[in-house]
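The values are calculated or read from the model by the stated rules, or taken from the named source; none is laboratory data. Please read all numbers here as calculations on a predicted model, not as lab measurements. Backbone-built Cβ (ideal geometry, glycine too); neighbour counts: all protein chains shown.
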Amino acid sequence: MSERWLGALARLALPALLAACLTLAAPASARSLAEVKSAGTLTWGGDLQGGEPYVFENPKNHAELIGFEVEIADALAKRLGVVAKFSQHDWSTLVPSLERGDFDVILSGLEDTPDRRARIAVSSPYFVYGLTITIRNNSGYRSIEALKGQKVGTLNQTVAHSLLKKMPLEVALYEGQQEPYADLVAGRTEAVLLDHIIAQRYGCNVKGLTCLPDDVMRGTYVMGLRKSDETLLVALNDALTDMQGDGTLRSILERWKLWDSRQAAPALAPALALAEDRQFDLGQLTMFLKGAGITLALSVLAFTLASPLGMALALMRLYSGKIGKFLAGAYIELFRGTPVLLQLYVLYYGLAPLVKLDAFVAAVLGLGLNYAAYEAEVHRGALLSISRGQSEAAAALGLSRSQTIRFVLFPQALRTALPAVTNDFVALLKDSSLVSVITVVELTKRMTIAAVEVRSWLVPGLACAALYFSMSYPLAAFARRLERRLHHDPAQAGR
Amino acid sequence: MIQLRQVVKAFDGANVLAGVSATLDRGKIACLIGPSGCGKTTLLRCINGLEQIDSGAIHVAGCDISAKEDRPTLRRVRQEVGFVFQEFHLFPHLTVLENITLAPVRVRLLPQAAADKRGRELLDLVGLGGREGARPAQLSGGQKQRVAIARALAIDVKVLLLDEPTSALDPEMREEVREVLRDVARQGLTMLCVTHDMPLVTSLADEIWVFDAGNIVERRLAKAVP
Ligand SMILES: Nc1ncnc2c1ncn2[C@@H]1O[C@H](COP(=O)(O)OP(=O)(O)O)[C@@H](O)[C@H]1O
Ligand SMILES: [Mg+2]
């Protein structure tokens, strides 16, 4: 359950990869029930980013954590005669962190799926979720089948995602809970399929949206444990049964307005596998190459925008009138002073009520506008590094200010700036992975998807790295050569 | 051709030019000598408007430069007055010929072909015929200064200002530049040349202006050179 997939996946991929590597290196350290009892604490792993109602900071007292999973953890610990202790982890790294021994149990909206059962031990379920379709009021779709050929939004690495993948429709993948519904309102998608907890909090109440009453599918949240910790698993299952028997679980869920007819239903079989048990094969590789193609096209287009815009901004900042100087300066400081991630969000989601940019177009614009600010500073530095004698010689020959800039200063600045500009292009190539937050599936995103499908970060991670490297290395080598040539060129002395 | 009347120029409140007055007739060549830091370069820069004067007046090649900022006049002055810098200041990204033709094409609006033709003639004049495709970085100091002279002449100036044209050069390269300047002098240009290069003074100067502490302290006629 991936409402926890809030952060940009791009940034999560590396820790997960490292965690996977560590797991390979160190065998999982087991912790028996006796050890938990003697330590006096049951440590449970979760992700605060999942937010309400799972686990989140009390808005009245930020030191205190609240949420229905907090209460479940406390109740379970009490029955074991210990206290519960929370351990914060990015949602995507919970399983590797469990295996490494960072905590005793995952309690974080973990869906029961066959592939999770293959890797870790799972407890009895403590919650039943239903996959809910949300549509715009005026649209006529009444079932998942009716959405054939349409674009449907969901979160990455969810059961909803694996369900949609099997259907003849187009999937738009998001990183946070709110964005799929924002895009549905904006008309970029025709429906959203997600757990009812998310749908009720972020979709059904939104003006113009409706949730269909019937669940497409149901599944359960379970606790995750190391396979070796059998005694602890038995103890936790007993405690859970106890909580179900005496109404503790029901009262917790009722307090959080989560109790509904779903919870009374009989036990469910594990839901759809998140991952089909696939190898990293030729089909995956083709998708990777496609992802690399998108990364490259995106970077080239964004830089084609950033470069001339940066030059124009540099010229404005140095040589235009007061207002021009101010505007260029303001642009540069604004775009350098705020995260590109935020700029992408504003362009894609923030502007949606005014202009509905296509995701790829928004990505090109966002990266291009952002990098223009950096290019402007590179070009400004290059212009300032030209000796004053050059403009004086031009002035003495009768060239006007603008002719001096155009024929004397600018061509020289361009040469000076070229190595730095090439380096910036390489940086852009890698930064382009950020655009996955606005549903563009480029190389890094493709890697994280494949990592789930083949249940390993290692091979997809290495393939992804190799592809980035094969694009950036030739450019970096080119930049180095340019730099060397300019260094050896005494013409740079300007005399 | 050059008339200076009570020219004053101060930097940071200190007078670098303290009311300079002098006249140089059409076709005459004056060499300006004097100790370092006394304001010689500043005077040259004022004459073609690279520095703005604080008071007084400069009359050069039919244009009047005063303390007021006046862009159209400045533009005219620069089309009539050439400037050769001590440090050459060639444009490194352009070839030798492009250095010379840039101003004729962009300022005088000469067709490129005509500018190229004139440029080659000037390169012949400064003894660099055949080097038009070279980049400044491939030239020696003496060659660079000769290109700079050709570049200054290319817009058909009436007055040429030179700021120590040989002093950034190794001694063995000075003679080639002196040679070129003597050839240029024979074309009848009015020239004002700051220099400490005595062989240049003796072979070039009609007049010698001795400068000290922001003013001309002595003007004397040079003895005629055979
Ligand atoms: N742009 C400037 N700002 C401040 N002081 C200057 C500037 N240019 C020249 N000066 C000062 O004016 C004086 C004369 O300089 P300059 O004309 O270069 O002398 P010269 O060419 O005779 O050696 C020096 O003291 C120098 O420091
Ligand atoms: Mg000087």
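All of B:Asp156, B:Asp206, B:Asp163, B:Asp183 fail the test of being within 14 Å of chain A (Cβ to nearest Cβ), of a type in the set (Asp, Glu) and more than 16 Å from ligand 2 (Cβ to nearest atom), apart from B:Asp156.
Candidates are the residues of the range B:9-21 that are within 8 Å of ligand 1 (Cβ to nearest atom) and among the hydrophobic types (A, V, I, L, M, F, W, C); the one that is farthest from the other protein chains (Cβ to nearest Cβ) is B:Ala14. So is B:Val177 assigned to a loop (DSSP other than H, G, I, E, B), more than 16 Å from ligand 1 (Cβ to nearest atom), of a type outside the set (S, T, N, Q) and touching a residue at least 24 places away in the same chain (Cβ under 8 Å) or not? Against the criterion (assigned to a loop (DSSP other than H, G, I, E, B), more than 16 Å from ligand 1 (Cβ to nearest atom), of a type outside the set (S, T, N, Q) and touching a residue at least 24 places away in the same chain (Cβ under 8 Å)), B:Val177 does not qualify. Every listed requirement among (1) aliphatic (A, V, I, L, M); (2) over 14 Å from the mean Cα position of the chain (by Cα); (3) modelled with pLDDT of 90 or more is met by B:Val159 save one, (2). If you go through the range A:357-403 and keep only what is small (Gly, Ala, Ser), farther than 20 Å from A:Met316 by Cβ, crowded, with 22+ Cβ neighbours inside 10 Å and more than 14 Å from chain B (Cβ to nearest Cβ), you end up with A:Ala362, A:Ala363, A:Gly366. May I ask you to verify whether B:Glu80 is within 12 Å of chain A (Cβ to nearest Cβ), among the acidic types (Asp, Glu) and within 16 Å of ligand 2 (Cβ to nearest atom)? In short, no. In the set B:Leu90, B:Leu110, B:Leu122, only one residue is away from ligand 1 (no atom under 16 Å from the Cβ), out of contact with any strand residue (DSSP E or B) (no Cβ under 7 Å at 6 or more places or on another chain) and assigned to a helix (DSSP H, G or I); that residue is B:Leu122. Just one of the listed residues (B:Val60, B:Val16) is surrounded by 20 or more Cβ atoms within 10 Å (Cβ to Cβ) and within 13 Å of ligand 2 (Cβ to nearest atom), and it is B:Val16. Across the range B:43-67, what is the number of residues that are within 13 Å of ligand 1 (Cβ to nearest atom) and within 14 Å of chain A (Cβ to nearest Cβ)? Summing the residues that are within 13 Å of ligand 1 (Cβ to nearest atom) and within 14 Å of chain A (Cβ to nearest Cβ) in the range B:43-67 gives 7.
The single condition from (1) at pLDDT 95 or above; (2) within 19 Å of A:Tyr468 (Cβ to Cβ) that A:Thr444 fails is (1). Filtering the range B:36-57 to residues that are crowded, with 19+ Cβ neighbours inside 10 Å and more than 16 Å from ligand 2 (Cβ to nearest atom) leaves B:Gly49, B:Ile53, B:Gly56.
Step by step: first the residues of the range B:22-42, then only those that are near ligand 1 (Cβ under 7 Å from one of its atoms) and away from chain A (no Cβ under 14 Å), then the one that is nearest to B:Ser55 (Cα to Cα). Which residue is that? Among those residues, the one meeting the criterion is B:Gly39. Taking first residues from the range B:148-164 that are in a strand (DSSP E or B) and partners that are among the hydroxyl-bearing types (Ser, Thr, Tyr), the Cβ contacts under 8 Å between residues at least 6 apart in sequence or on separate chains come to B:Val159/B:Thr190; B:Leu160/B:Thr190; B:Leu162/B:Thr195; B:Asp163/B:Thr41. Residues in the range A:189-241 that are in a helix (DSSP H, G or I), of a type in the set (Val, Ile, Thr) and surrounded by 20 or more Cβ atoms within 10 Å (Cβ to Cβ): A:Ile197, A:Ile198. Among (1) within 16 Å of ligand 2 (Cβ to nearest atom); (2) surrounded by fewer than 16 Cβ atoms within 10 Å (Cβ to Cβ), there is one condition B:Asp25 misses while meeting the rest; what is its number? (1) is the only condition that B:Asp25 fails.
Looking at the range A:416-432, is at least one residue within 14 Å of chain B (Cβ to nearest Cβ) and either touching a His at 6+ places or on another chain (Cβ under 8 Å) or on the phi > 0 side of the Ramachandran plot (or both)? The answer is yes, given that some residue of the range A:416-432 is within 14 Å of chain B (Cβ to nearest Cβ) and either touching a His at 6+ places or on another chain (Cβ under 8 Å) or on the phi > 0 side of the Ramachandran plot (or both). Does A:Ala235 satisfy the condition of being over 29 Å from A:Ser123 (Cβ atoms) and small (Gly, Ala, Ser)? Criteria not met by A:Ala235. Taking the criterion of being basic (Lys, Arg) and within 12 Å of another protein chain (Cβ to nearest Cβ), the residues of the range B:126-152 that qualify are B:Arg135, B:Lys144, B:Arg151.
Checking every residue in the range B:64-76 against the condition of being in contact with a Lys or Arg (Cβ under 9 Å, 6 or more places away or on another chain), surrounded by 15 or more Cβ atoms within 10 Å (Cβ to Cβ) and not acidic (Asp, Glu) gives zero matches. In the range B:198-220 there is at least one residue that is touching a Phe, Trp or Tyr at 6+ places or on another chain (Cβ under 8 Å) and among the charged types (D, E, K, R). Here B:Gly19, B:Gly13, B:Gly49, B:Gly37 are screened, and the one residue that is at pLDDT below 95 and within 14 Å of B:Asp163 (Cα to Cα) is B:Gly37. Within the range A:404-451, restricting attention to residues that are more than 17 Å from A:Ala372 (Cα to Cα) and of a type in the set (D, E, K, R), the residue that is surrounded by the fewest Cβ atoms within 10 Å (Cβ to Cβ) is A:Arg406.
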